[in-house]
Amino acid sequence: PQDSESAELAKISLEARNQSHSPYSKFRVGAAIRTVDGVIFKGCNIESCSFSPTICAERVAVASAVAAGHRNFEAIAISSDLEEEPCTPCGVCRQFMREFSKDLRILLVRPNGTVCRTDLEKLLPGSFGPDSLSWQR
């Protein structure tokens, strides 16, 4: 069962997926991140023909929120067109999200709206983050 906030975030990520610019891979991804004060930012993957400037939906959503002055996040929903297994964030996105949260709630959304729940701590165990810079050297 989904709570209404998770269902809303999942729905918005599916809507964001429809804005994907993925003419090369045809792999559409959408994301929606909710700040701790309830503001939601969307993102979609944006591909470039030279590939390295391509940016994932998760980073677009986080960057949009940060650009608007938000740094504390409650949850992110990530959707794709994959039917069988939900799409998980790539390693770069996991590290990028870790900059702002060690245990961010993550909702992995299938095209039919069903959600698999996890968190960043499970997807990026033993992570390096801002707090790591204060470790004894």
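From the helices alone, meaning DSSP H stretches of at least four residues, give me the mean residue ellipticity at 222 nm for the chain, per-run term -39500 (n - 2.57), in deg cm²/dmol to the nearest 500. List each step's numbers first, then the result.
Working: 4 runs with 37 residues, N = 137.
It lands at -7500 deg cm²/dmol.
Determine the relative contact order of the chain: mean sequence separation of Cα pairs under 8 Å and six or more apart, normalised by residue count, in whole percent. Don't skip to the end; give the middle numbers.
Details: 286 pairs, mean separation 28.4, N = 137.
Relative contact order comes out at 21 percent.
Under a crude label model (7 Å from the Cα following the beta-carbon direction), how far is Ser48 from Glu121 in nanometres?
Inter-label distance under the simple model: 3.6 nm.
With every protein chain present, what is the per residue accessible area of region 24-94 (1.4 Å probe, Å²)? Each step should come with its number before you reach the end.
Details: 3370 Å² over 71 residues.
Here the residues of region 24-94 average 47 Å² of exposed surface.
Using a 7 Å offset from the Cα along the Cα-to-Cβ direction at both Arg137 and Glu5, what is the distance between the two label points in nm, to one decimal?
Each label point is offset 7 Å from its Cα along the Cβ direction, giving 3.8 nm.
Could you work out the Kirkwood radius for the chain, taking every pair of different alpha carbons, averaging 1/r and inverting it, reported in Å?
Working: mean 1/r = 0.0668 Å⁻¹.
Mean inverse Cα-Cα distance, inverted, gives 15.0 Å.
I'd like to know which of His70, Pro130, Leu120 lies farthest towards the positive end of the charge dipole of the chain, counting +1 on Cβ of Lys and Arg and -1 on Cβ of Asp and Glu.
Pro130
The values are calculated or read from the model by the stated rules, or taken from the named source; none is laboratory data. Source: prediction; values computed, not measured. Cβ sites come from the backbone with ideal geometry, for glycine too, and all protein chains shown count toward neighbours. Note: areas computed on protein heavy atoms with side chains; ligands, DNA, RNA excluded. Shrake-Rupley method; radii C 1.70, N 1.55, O 1.52, S 1.80 Å.
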